[in-house]
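Beneath this line is the structure, given in C-alpha cells, with notes to follow.
The values are calculated or read from the model by the stated rules, or taken from the named source; none is laboratory data. Worth saying up front: this structure is predicted, and the values here are computed from it rather than measured. Surface accessibility is based on the protein's heavy atoms, side chains included, excluding ligands, DNA and RNA. Shrake-Rupley method; radii C 1.70, N 1.55, O 1.52, S 1.80 Å.
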Amino acid sequence: MPGSFEFLRGVLGIIGLASAYMAGRSLVAVRKRWHKLRTFYGWIVRATVCLAAIAFRHPVDTIAITLWTLSAAAFALAAWQTSHRKPPEDLTRQIFPE
C-alpha cells in the first residue's frame, strides 16, 4: 500500500526545516572559520531541494508557504543562536585548587 503524498510532503518539510536550521548554524561557523564553506553550501542545497520538492506536483498552497516561512525563521534563529553563544565556563580553579 503506497504512502500518502501529503505525508511525504510533511516529511520533506521537516527535513527542509532541519536543513535550513543547520544552514543557519553553518553560516556562522563559516564566518568564524570553524567550518569550511562547502558545509554551508551542502546544507543550502539540501534545504532548497527539500523545500522545492514540496511544490513539485502540487500547486503552491498555504502548507508550502508556511513551511518556507518557517524555514526562513529557523535559518535566522539558528544564525542568531550560534553567533550569541556563551563562552565555555573556565573550571580550572575549581577542579585543580592551588
Worksheet item: At a probe radius of 1.4 Å, what is the per-residue accessible area of Phe5, in Å² to the nearest 10?
Response: 130
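For segment 26-70, with every protein chain kept in place, what is the accessible area per residue (1.4 Å probe, Å²)? Present the calculation step by step, with values, prior to reporting the outcome.
Values: 3400 Å² over 45 residues.
Per-residue value: 76 Å².
Computed over the Cα atoms, what is the radius of gyration of the chain divided by 2.2 N^0.38 Å, N being its residue count? If you can, show how the numbers build up before the last one.
Details: Rg = 18.5 Å, N = 98, 2.2 N^0.38 = 12.6 Å.
After normalising by residue count via 2.2 N^0.38 Å, the value is 1.47.
Order Ile63, Ile95, Ile54 by their accessible area, 1.4 angstrom probe, all chains in place, largest first. The partial results should precede the final answer.
Details: Ile63 75, Ile95 105, Ile54 0 Å².
I get Ile95, Ile63, Ile54, largest accessible area first.
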Response to the item:
Computed, not fitted: 222 nm per-residue ellipticity of the chain from DSSP H runs ≥ 4 (each -39500 (n - 2.57)), nearest 500, equal to -24000 deg cm²/dmol
Worksheet, complete the sentence: In terms of the alpha carbon gyration tensor, root eigenvalues a ≥ b ≥ c, rounded if a/c is under 1.5 and otherwise prolate when a/b exceeds b/c or oblate, segment 31-74 is oblate
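Quick one, could you list the DSSP H helices from the chain stretching 27 Å or more along their long axis (Cα atoms) with average Kyte-Doolittle hydropathy of -0.5 or above? Provide the component values of the computation, followed by the final result.
Details: long enough: 5-31 (38 Å, 1.11); 62-83 (31 Å, 1.19).
Qualifying helices: 5-31, 62-83.
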Fill in: Solvent-accessible area, 1.4 Å probe, carbon plus sulfur percent, for segment 18-98
64
